[in-house]
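Engineer: The structure is given below, and queries will be raised subsequently.
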Amino acid sequence: MKKNKKIIVLNYGLGNTPTLANAIEFLGFDVEIKAKLAKEDINAVVFLPGVGSFDSGVNMLKDSGNFYFLKSAAQQSNFNLIGVCLGMQLLMSKSEEGIEEGLGIFDGDVIALKANQANVGWNYVYSNSEYGEGTVKGHWPRMYFVHSYRVNVKDSSLILAKSSFQNEDFPCIIGNGQHFGIQFHPERSHSDGLKLIKNLLTSMKCELL
Amino acid sequence: MRVIVEVLLNNDRLVKGMRFKNHIYVGDPENIIRLYNELKIDELVICQIGTLSPAENKRFLMRLSEQAFMPVCYAGNLKSVEDIDEIFSMGFDKIRFTSALYFNTRLIEYTIDRYGRQAVVLGIDLISSLWRSVLRARVCNKKNIKLVSFQELLDLSISFNPCEILIRSVDEEGMMSGLNKAVVDICSRASQSRSIIYSGGIKSFSDILAIKSLGFAGVAIGAMSIFHGRKRGILVSYPTDSQMKGLRDGWKK
């Protein structure tokens, strides 16, 4: 019998772990909260949440013994990583918010929003990507954002959806089919956010219980 | 503009009263949060008016935070940095400080430093009547209630540059009496420079529209989302989708 793909929410000390895990469970998937990833997780889908600054995120990942595991596991084709909020920013190579190097899973950096203030609140998300069909494409869902920095990916084909703040467009979902970054909080964005999580997990061959 | 629902917790019981008195039990908190999920409310504030600290009430508060599929702010009974850490570890998105503005600004500084300004809302409880031509705000701790200058508290709030400032008219709390024009004017003047949330007395959607027309960042409703009619029958409600759509026109789409 084919084994269902494991879903893990990584609790490395910075992030909205219980809420994210509860949203995944609410959707009908089995989910585990783990503080440290191990060899047996090399085929899992790992959610990387995060609230706080870039450097503190990198350092907490290092202190918890997950940083180098994630870097190396991301090279394996069966491993999927979904960064949420700061977790998305940690997938990039570097950030102007700090001096530490990120996971470097996507080529690009993290820069401050031009408005020099936090984008806090609900906002529409739009997508021209085929990937967004049924989730964001043509639907203009509203999602909940809390961030002062945004990612800047070198390869624009990685951008699956955008949003805007004070007339500045920024990528709010990036992905290469295997790893994804989400700038907003899908777990706090009602049915639109839950639908996005469900579609991502389904695309990664995760099965409902 | 956001329409924020604020619920009051007396330890683990959901209650509502008038002017912070005569509280009655209004229902099971988890069930009510599930209803708010279905109503797709913009944001929820859970305000503790009981005596339990976040650590003493951890399991219960965590369940509430987990059940909510909207952003959740916690307020009330925060005394130490450990309380702050506890709240964020449960998954709450923001903390609102009110009396700490007067009694314990260290907590606010700590939260901004560790969790960022976007996680901090500052609250001011405004007394609508003037005293010797001075507007006052109410602050309280375990031992006493003090009335202090509203303007000084507002200036102090602004100096922290929080995510937003909530101004609540104490005399209208839970009353569903409609807007107090004098209070709304005061708040409206403050909202010229800051992101201000108005709270107090909201009884209908037309009150919410009036608040929107004045340029507020949001409005907090309490009794309106729990009670229905003059006899205050319990009925969990929220503006309809089409009403909310009107409020969202002009969003950053």
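Engineer: Mind checking the dipole of the stretch B:63-206: about its Cα centre, +1 per Lys or Arg Cβ, -1 per Asp or Glu Cβ, Debye to the nearest 20?
Structural biologist: 400 debye
Engineer: Give the whole-number value, in cubic angstrom per residue, of the convex hull volume spanned by the C-alpha atoms of chain B.
Structural biologist: Looking at chain B, the number lands at 125 Å³ per residue.
Engineer: Mind putting a number on the dipole of chain B about its Cα centre? Charges go on the C-beta only, +1 for Lys and Arg and -1 for Asp and Glu, and I need it in Debye to the nearest 20. Could the numbers behind the result be given before it?
Structural biologist: Values: 35 positive and 27 negative charges, 127 e Å.
Using only the charged Cβ atoms, the result is roughly 600 debye.
Engineer: Sticking with this one: Rounded to two decimals, what is the ratio between the C-alpha radius of gyration of the stretch B:1-40 and 2.2 N^0.38 Å?
Structural biologist: Relative to the 2.2 N^0.38 Å estimate, the stretch B:1-40 comes out at 1.26.
Engineer: Through the Karplus equation 6.51 cos²θ - 1.76 cosθ + 1.60, θ set to phi - 60°, convert the phi angles of the stretch B:166-179 into ³J(HN,Hα) values in whole Hz; use x for Gly and Pro.
Structural biologist: Per-residue couplings from phi come out as 9, 10, 10, 7, 4, 5, 9, 4, x, 7, 6, 9, x, 6 Hz.
Engineer: Still on this structure, please answer the following. Would you tally the net charge around B:Ala223, using a Cβ to Cβ cut-off of less than 15 Å, leaving B:Ala223 out, and scoring K and R as +1, D and E as -1?
Structural biologist: Details: positive: B:Lys16, B:Arg19, B:Lys21, B:Arg168, B:Lys203, B:Arg230, B:Lys231, B:Arg232; negative: B:Glu6, B:Asp171, B:Glu172, B:Glu173, B:Asp207.
Neighbour charge sum, excluding B:Ala223 itself: +3.
Engineer: Let me ask another. Suppose each label sits 7 Å from its Cα in the direction of the beta carbon; what would the A:Asn78-A:Glu25 distance come out to in nanometres?
Structural biologist: Result for the modelled spin labels: 2.6 nm.
Engineer: Among A:Ser127, A:Phe69, A:Val84, flag the residue with its Cα farthest along the positive direction of the charge dipole of the stretch A:1-136, charges on Cβ as +1 for Lys/Arg and -1 for Asp/Glu.
Structural biologist: The listed residue farthest towards the positive side: A:Phe69.
Engineer: Given the rule -39500 (n - 2.57) for each run of at least 4 DSSP H residues, summed and divided by the residues of chain A, what is its mean residue ellipticity at 222 nm, to the nearest 500 deg cm²/dmol?
Structural biologist: Working: 5 runs with 46 residues, N = 209.
Rounded to the nearest 500, the figure is -6500 deg cm²/dmol.
Engineer: Right, next: Shape call for the stretch B:14-103 from the C-alpha gyration tensor, a ≥ b ≥ c root eigenvalues: rounded (a/c under 1.5), prolate (a/b greater than b/c) or oblate?
Structural biologist: Oblate.
Engineer: Let me ask another. Just want the answer: with Cβ charges of +1 for Lys and Arg and -1 for Asp and Glu, which residue in A:Leu209, B:His23, B:Ser53 is farthest toward the dipole's positive end in the protein assembly as shown?
Structural biologist: B:His23
Engineer: May I pose another question? Which whole-number percent is the relative contact order of the stretch A:1-74 (Cα, under 8 Å, 6+ apart)? All intermediate terms of the calculation are to be shown ahead of the outcome.
Structural biologist: On the way: 93 pairs, mean separation 28.8, N = 74.
Averaging sequence separation for qualifying contacts and normalising by length gives 39 percent for the stretch A:1-74.
Engineer: What is the log10 of I(q)/I(0) for chain A, computed with the Debye formula using one identical point scatterer on each Cα and no solvent, at q = 0.12, 0.19 Å⁻¹?
Structural biologist: Summing over Cα pairs of chain A leads to -0.54, -1.51.
Engineer: In percent, what relative contact order does chain B have, based on Cα pairs under 8 Å that are 6 or more apart in sequence?
Structural biologist: 18 percent
Engineer: What FRET efficiency, computed as 1/(1 + (r/R0)^6) with R0 = 30 Å and r the Cβ-Cβ distance, is obtained for A:Ser156 and A:Asn43, rounded to the nearest 0.05?
Structural biologist: With R0 = 30 Å, the Cβ-Cβ based efficiency is 0.50.
Engineer: Compute a Gaussian network model of chain A, connecting alpha carbons closer than 10 Å, and tell me which residue from A:Leu48, A:Leu70, A:Leu90 fluctuates the most.
Structural biologist: A:Leu70
Engineer: Let me ask another. For each pair in B:Lys16/B:Lys212; A:Lys114/A:Lys195; A:Lys5/A:Lys36, compute the distance between the two Cα atoms and list the pairs where it is over 22 Å.
Structural biologist: B:Lys16/B:Lys212; A:Lys114/A:Lys195
Engineer: How far is it, in nm, from the label point at A:Asp169 to the one at A:Ile33 when both lie 7 Å from their Cα along the line to the Cβ?
Structural biologist: Placing both labels 7 Å along Cα→Cβ, they lie 3.9 nm apart.
Engineer: If packing is taken as the average number of other Cβ atoms within 10 Å across a peptide's residues, how do B:108-118, A:177-187, B:225-235, A:21-31 rank, most packed first?
Structural biologist: Working: B:108-118: 17.5, A:177-187: 24.3, B:225-235: 14.3, A:21-31: 19.2.
Result, highest mean Cβ count within 10 Å first: A:177-187, A:21-31, B:108-118, B:225-235.
Engineer: Which order do peptides B:13-22, A:195-204 fall in by mean Cβ count within 10 Å, highest first?
Structural biologist: Values: B:13-22: 15.7, A:195-204: 19.2.
Ranking the peptides B:13-22, A:195-204 by packing returns A:195-204, B:13-22.
Engineer: Still on this model: Could you work out, residue by residue across B:61-70, how many beta carbons of other chains sit within 10 Å of that residue's beta carbon, and then give the average as an integer? Walk me through the numbers before you get to the answer.
Structural biologist: On the way: counts 0, 3, 2, 0, 4, 10, 3, 6, 15, 8.
Other-chain Cβ atoms within 10 Å of each residue's Cβ, averaged: 5.
Engineer: Starting from 0 in steps of 10 Å, tell me what percent of the Cα-Cα pairs of the stretch B:65-207 lands in each bin.
Structural biologist: 11, 40, 36, 13, 1
Engineer: Please list the non-local residues whose amide H lies under 5 Å from the amide H of B:Cys163, H modeled 1.01 Å from N, same-chain partners needing a gap of 5 or more.
Structural biologist: B:Val120
Engineer: What number results when the radius of gyration of the protein assembly as shown, computed over Cα atoms, is divided by 2.2 N^0.38 Å?
Structural biologist: After normalising by residue count via 2.2 N^0.38 Å, the value is 0.97.
Engineer: Evaluate E = 1/(1 + (r/R0)^6) for B:Ser159 and A:Lys114, where r is the Cβ-Cβ distance and R0 equals 25 Å; express this FRET efficiency to the nearest 0.05. Working shown, then result.
Structural biologist: Working: r = 24 Å, r/R0 = 0.98.
About 0.55, to the nearest 0.05.
Engineer: Roughly how big is the stretch B:1-50's charge dipole about its Cα centre, with Cβ charges of +1 (Lys, Arg) and -1 (Asp, Glu), in debye to the nearest 20?
Structural biologist: Its charge dipole is roughly 260 debye.
Here, each number is a calculation from the coordinates, and none is a lab measurement. These figures come from a predicted structure and were not determined experimentally. So basically every Cβ, Gly included, is an ideal-geometry build from the backbone, and we count neighbours across all protein chains shown.
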